[in-house]
Amino acid sequence: MMLEREVAKRVFAQEYNASNLTFKESDDQYSPLYLLTSTGAKCNRVFITGTLTEKEDIGATAEHWRARIADPTGVFTIYAGQYQPEAAQMLSAIEPPQFVAVVGKTNTYDTGEGIITSIRPESIQMIDVETRDRWILETAKHTLERIAALGSDNADAIKAREHYSPDLERYKQMVLQALKSIGKRQISEKKTEEGKAEKVEFEVMDLSKS
Amino acid sequence: MIKDIAEQLRSRFSEMGLDIPLEDIESRLEELINKFRVPVDEAKRSVVSQYLKESNIPRSEFYGEDASLVKVGDISSEGRWISLKAKVVQLWSSESDSIAQAGLIGDETGAIKFVNWAKSARPLVEEGKSYVFKNVVTDSWQGRFQVNFNKNTDIQEIEEDIEVGSSAEEVAGAIVDIQSGSGLIKRCESCNRVLIKGSCGEHGKVEGKYDLRVKAVIDDGKIVRDAILNREITEKSTGITLDMAREMAEEALDPSKVIDAITEQLMGRYFNVKGPRIGRYILVEEMEKVHPVSDEEIQGTIATAEGL
């Protein structure tokens with residue numbers, strides 16, 4: 001039986017970085033390694049977007065890039081070296097700040113004092129702000145669905161509940177914060193373009209904050 | 001019991017003009033069943049094959065009638081001899097010398113992968129034509145069913161144009177991979193196969209004609225599908241026409257420039273694709289960019305969050 005391609009999960013940076021539970025589903029050496037997040041996203045591959053804010057070649061001999069990608073809730077760290085040639089090449093070419101989309105594999109490192117999560121990118125691509133907004137909305141929806149299902153008897157939900165006892169209110173606030181960041185940006189952009197009329201819209205958006 | 005089987009086989013052979021001593025058949029069966037502990041059916045089959053091989057008689061002649069005609073949608077186990085009436089939906093570029101042809105054939109109940117092994121030396125089929133495939137064997141590979149041609153497979157082209165049924169599927173998701181084999185390709189003028197290093201698996205070195213296609217992976221965070229974009233869809237979704245792709249490749253003396261340009265247009269972006277689904281593939285017939293996020297969508301999701 002061939003291993004089916006892993007679905008790329010949608011998770012916000014804050015949730016991703018708070019994760020520290022990894023597991024395999026079988027002893028087979030090719031069995032994928034999963035990172036389970038606090039709301040129960042079982043991630044082997046992830047699809048993220050955000051703003052590339054920093055990049056640094058930390059390789060001693062060969063190029064090895066470390067980069068930071070910010071979404072509205074936090075920052076993803078990605079590492080691309082010789083085994084991620086396309087991503088590494090792309091990183092050397094892109095100058096921050098820039099909106100990017102990353103498809104990659106979850107990676108964790110145990111410092112002895114805690115688990116640090118990062119992403120090993122399979123691909124990095126420059127994107128437009130519309131794509132980034134679509135990702136925020138999609139990731140918000142998927143996160144809300146996971147929060148809603150956290151009380152269910154789904155195996156991932158049970159595991160997440162037992163390991164993290166997550167503060168759901170916190171993750172709900174994280175989602176709201178992300179969603180409102182789309183609205184804000186849209187309004188501020190319009191404001192510079194058109195001026196007066198948008199004040200009304202701004203107030204409408206503000207109502208949603210309360 | 002062995003005696004009964006031997007007698008049965010002897011009389012079948014004699015109908016075909018083969019005179020084989022009963023003791024001979026019996027001892028071969030005896031050896032397989034008692035000494036080598038082979039199951040009875042397999043022993044019978046093995047003995048029959050041996051004699052047929054020795055006298056150069058095709059299998060189908062001994063077994064008489066052809067395997068029964070079934071529908072693609074009814075295939076549910078491997079190792080069965082069946083016949084199909086189906087249309088060649090798609091031919092794939094062959095991954096290895098041992099495969100003469102592989103692709104998808106389908107009838108009104110669905111489509112299935114077929115493999116025409118080089119060693120079986122069966123005639124090649126053409127994309128878009130319908131055939132009766134007699135005596136193919138079901139198999140499974142990587143968790144999916146397929147049918148294999150073999151020496152006894154009889155392929156007859158038919159006039160009827162078979163309507164291939166498949167469930168159309170729509171996926172809105174992000175393109176997370178552009179796979180190799182995408183971009184500017186050359187196909188053989190006679191059989192439409194993709195050329196590998198200017199060579200057709202069947203017709204050798206040929207001039208070939210250019211084509212443009214994309215094998216993309218689309219992922220909505222819950223399911224993942226391989227989306228096959230033909231030339232028309234590729235041109236529309238990337239803005240890169242076949243002529244532009246040719247120019248690009250010729251200027252750079254490098255066809256991979258085209259993949260890079262396609263990747264830049266599609267990778268990491270959200271699209272809505274629609275088309276018949278065959279296994280994990282979607283043969284894309286419609287493709288559109290997902291519209292920008294609207295205020296209504298944001299407000300709706302905020303309301304959902306607050307209601308939790």
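Summary of values
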read-out: Extension gain (nm, one decimal) between B:V132 and B:F145, 0.36 nm per residue minus Cα-Cα; value: 2.8 nm
read-out: Gaussian network model of chain B, Cα within-10 Å springs - most flexible of B:K53, B:K289, B:K215; value: B:K53
read-out: Choice from B:S83, B:S190, B:S93 with maximal GNM fluctuation in chain B (Cα, 10 Å cutoff); value: B:S190
read-out: Per-residue [θ]222 nm for the protein assembly as shown (sum of -39500 (n - 2.57) over DSSP H runs n ≥ 4, rounded to 500); value: -10000 deg cm²/dmol
read-out: Where the Cα pairs of the range B:61-214 fall when distances are cut into 10 Å bins, in %; value: 10, 36, 35, 17, 2, 0
read-out: Simple Cβ-charge dipole of the protein assembly as shown, Lys/Arg +1 and Asp/Glu -1, about Cα centre, in debye nearest 20; value: 640
read-out: Label-point separation, B:E159 to B:E15 (7 Å along Cα→Cβ), nm; value: 3.3
read-out: Placed amide H near B:W141: partners under 5 Å, 5+ positions off or other chain; value: B:Q146
read-out: Whole-Hz couplings from phi, Karplus 6.51/-1.76/1.60, listed for the range B:228-242; x for Gly and Pro; value: 9, 9, 7, 4, 4, 5, 4, 4, 5, 7, 10, x, 9, 8, 4
read-out: Approximate spin-label separation A:S152-A:S26, in nm, with each point projected 7 Å along Cα-to-Cβ; value: 2.5
read-out: Cβ-Cβ FRET estimate between B:S49 and B:D243, R0 fixed at 51 Å, reported to 0.05; value: 0.40
read-out: Over 30 Å between alpha carbons, listed pairs A:K105/B:K197; B:K85/B:K205; A:K24/B:K236; B:K186/B:K236; A:K42/B:K236; value: A:K105/B:K197; B:K85/B:K205; A:K24/B:K236; A:K42/B:K236
read-out: Relative contact order (%) - chain A, alpha-carbon pairs under 8 angstrom, separation at least six; value: 19
read-out: Residue among A:Q84, A:Q29, A:Q14 with the largest mean-square fluctuation in a Gaussian network model of chain A, springs linking Cα atoms under 10 Å; value: A:Q29
read-out: Which of A:T51, A:G114, A:I147, positive extreme of dipole for chain A (C-beta unit charges); value: A:I147
read-out: Rounded to the nearest 20 debye, dipole of the range A:44-186 from Cβ charges on Lys, Arg, Asp, Glu; value: 380
read-out: Charge context of A:E56, other residues only, Cβ under 14 angstrom, K/R +1, D/E -1; value: -1
read-out: Computed E for B:K209/B:E7 - FRET, C-beta separation, R0 51 angstrom, nearest 0.05; value: 0.25
read-out: In the range A:1-97, chymotrypsin sites (Phe, Trp or Tyr not before Pro) in a DSSP loop with at most 10 other beta-carbon atoms within 10 Å; value: A:Y30, A:Y83
read-out: Of B:I298, B:T238, B:A118, farthest towards positive along the dipole that unit charges on Lys, Arg, Asp, Glu beta carbons give chain B; value: B:A118
read-out: Karplus-derived 3J(HN,Hα), 6.51/-1.76/1.60, for each residue of the range B:106-111, Hz, glycine and proline x; value: x, 10, 5, 9, x, 10
read-out: Whole-number percent relative contact order across the range B:1-91, with pairs defined as alpha carbons under 8 Å at least 6 apart; value: 18
read-out: Point-charge dipole on Cβ atoms (K/R +1, D/E -1) for chain B, about Cα centre, debye to 20; value: 820
read-out: Leading residue at positive end of dipole, the range B:1-126 (Cβ point charges), from B:L29, B:L69, B:I5; value: B:L69
read-out: Net charge of Cβ neighbours under 15 Å - reference B:E235; Lys, Arg +1; Asp, Glu -1; value: -2
read-out: Chain B, relative contact order in percent, only Cα pairs under 8 angstrom and at least six apart counted; value: 12
read-out: Over the range A:69-158: Rg over Rh, Cα atoms, Kirkwood Rh; value: 1.03
read-out: Computed Kirkwood radius, in angstrom, where 1/r is averaged over Cα pairs of chain A; value: 18.5
read-out: Residue-wise HN-Hα coupling along the range B:181-187, computed from phi with Karplus coefficients 6.51, -1.76, 1.60 (Hz; x: Gly, Pro); value: x, 8, x, 7, 10, 10, 10
read-out: Relative exposure of A:L179, A:L21, judged by other C-beta atoms within 10 Å (fewest first); value: A:L21, A:L179
read-out: With at most 15 neighbouring Cβ atoms within 10 Å, loop GluC sites (Glu not before Pro) (DSSP) excluded, longest segment of chain B; value: B:208-284
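No value in this document is a laboratory result; all are computed from the given coordinates. Quick caveat, the model's predicted, so the values are computed rather than measured. Every residue, glycine among them, receives a Cβ derived from its backbone with ideal geometry; neighbour counts consider all protein chains shown.
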